[in-house]
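Just below is one structure, and these are the notes that go with it.
The values are calculated or read from the model by the stated rules, or taken from the named source; none is laboratory data. All of these numbers come straight from a predicted model, not from anything done at the bench. In this analysis, Cβ positions are derived from the backbone assuming ideal geometry, glycine residues included, and neighbour counts consider all displayed protein chains. Note: areas computed on protein heavy atoms with side chains; ligands, DNA, RNA excluded. Shrake-Rupley method; radii C 1.70, N 1.55, O 1.52, S 1.80 Å.
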Amino acid sequence: MSSKWRWAGTEVPIIGSDSFKLIEISVSSSSINVQSQSHSNFIAPRADGYASCALVGDPSLHLILRIRESLPNSLDLLPLSFSKPFPILGLRINFPCKLSSFAFLFELTPNVYSLCVLSVSGIVFILKLSANFSDYEAYPIFPQEDLLQFNLVNYGDIPITSATATSGCLVVGRNDGSVAFFQLATHHPTAPGFVQELRDDSGIGRLWGLMSRGRVVGAVQDLVITEVQGKKLVYVLHSGGIFRVWDLSSRSRIFSHTITNPSVEGNVYRFSFPELQIKICFLYSLKLILSSHILFHLLSGAPFVRLWVGETNSDSSVIPLAIWYRYTSEVGMEAIDVYSLQCSWGKEPILSLEPSMLNVPMEEGSCIDVKLASDRIWILKDSGLVVHNLFHKDGLVEEAHCYVLQEEFVADMLFQSSEHPSDDLLSITHSIVTSPKVHDYTDAFVAL
């Protein structure tokens, strides 16, 4: 781990997790012909390994939703409670088609859940689940009366790039920059008004199929939905850096801003060639044709990957945001910036975005997921968990706290981490084996 981080702990296995059992149940495809309903130009992102968590019940129970890369048609539900022993039963739901990287679970009533799952072919599955997973041990097929299916292709064949949901509502972002939401709680999929769109174009422009004169936005990169001051807000991040906030109840846009990454903005790049030196300052992409055979495509703005919206208090006027940038596909060329969205909730909401308060470069390992609160941020990477405070006393920046993954910790103990090259390991081994003082411990070291 980086020297800028303070080691605070390590990952440990959960006691009793070795006896965990998954009950399997399958969803029938009888109501929808998966093969005939699939669309060659309509594919939601593949899961390729996905996990999320839902907080339900009282006392609180964490339900982990997991799609394994090796089981793209299956979703696992794993309960976890900090006040009770580790549960021994989980649920694996097998679907008739490959799943996308979106799954959402809500508590309908005590001990009854609603699960919303999206397939790569655009089919939405909504399941009414019992909180007692042992109820499904005698049912190999999920009950049809507790299942609702519909195909998003019937509401437009534009590819989906992102999705989110809240109780009774599914929101999807599309490749053309549009956002649509489906009113699951109040409308049947065949009823008028079941789907609504969040667009900038006027009624006349929509009637004639013309593009509006408003700013053209890129594909939806990520979106999040939260409830603030009794309003359901949808936060949308577009691929070009345009960030928007929509009020779902009025279907109106209440904020729009173009985000630039301060860590790369205004950088200077130098290229040296024989008898040629070029100095370039730029904010966005710039193309230089040095000859008819050489094309340099320079990107000053980093591609946007994910968006997270932090927790807020009921009386808070600040909403924390985190945006994940990826400069290149290389490890170490990623960063997360944290922003403050200032809010004033009067008759008309007034929002403004403050400059980035924190920039966290991914020096070691790539980002997996982020948890953002009002005062701190947790960043889970493939090398460990890092915690940063968003506010510091007396203007002093505190060290980040790092929690090492178990395999990383064991590797450090065995001198196998990147900080101990193989030559150093061989040298250490040779000195131990050849030293007469430690001859009695040679067998133990080799066995380890």
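Counting only the Cα atoms, segment 38-167 fills a convex hull of 116 Å³ per residue. In this structure, Arg6 and Tyr139 have a Cβ-Cβ separation that, at R0 = 41 Å, corresponds to a calculated FRET efficiency of about 0.25. With each label modelled as a point 7 angstrom along the Cα→C-beta vector, the Ser130-Met333 pair spans 5.3 nm. The accessible-area ordering, largest first, of the residues Tyr155, Tyr113 stands as Tyr155, Tyr113, per a 1.4 angstrom probe.
Counting only heavy atoms of the protein chains and using a 1.4 Å probe, Trp308 has close to 20 Å² of accessible surface. As a calculated quantity, the FRET efficiency between Val387 and Phe194 at R0 = 51 Å, using C-beta atoms, amounts to about 0.75. Counting heavy atoms of the protein chains alone, Lys84 has an accessible area of about 130 Å² for a 1.4 Å probe.
Using 0.36 nm per residue, how much length does the chain from Asn94 to Thr226 gain when fully extended, once their Cα-Cα distance is taken away? Mind showing how you got there, number by number?
Numbers: separation 132, 0.36 × 132 = 47.52 nm, distance 2.95 nm.
Contour length minus the Cα-Cα distance gives 44.6 nm.
In this rough spin-label picture, where each label sits 7 Å from Cα along the Cβ direction, the Gln342-Tyr155 distance is 3.7 nm. Modelled spin-label separation between Ser28 and Leu80, with each label point placed 7 Å from Cα along the Cα-to-Cβ direction: 3.5 nm. Compared with the alpha-carbon gap, the fully stretched path from Leu55 to Phe106 is longer by 17.5 nm at 0.36 nm per residue.
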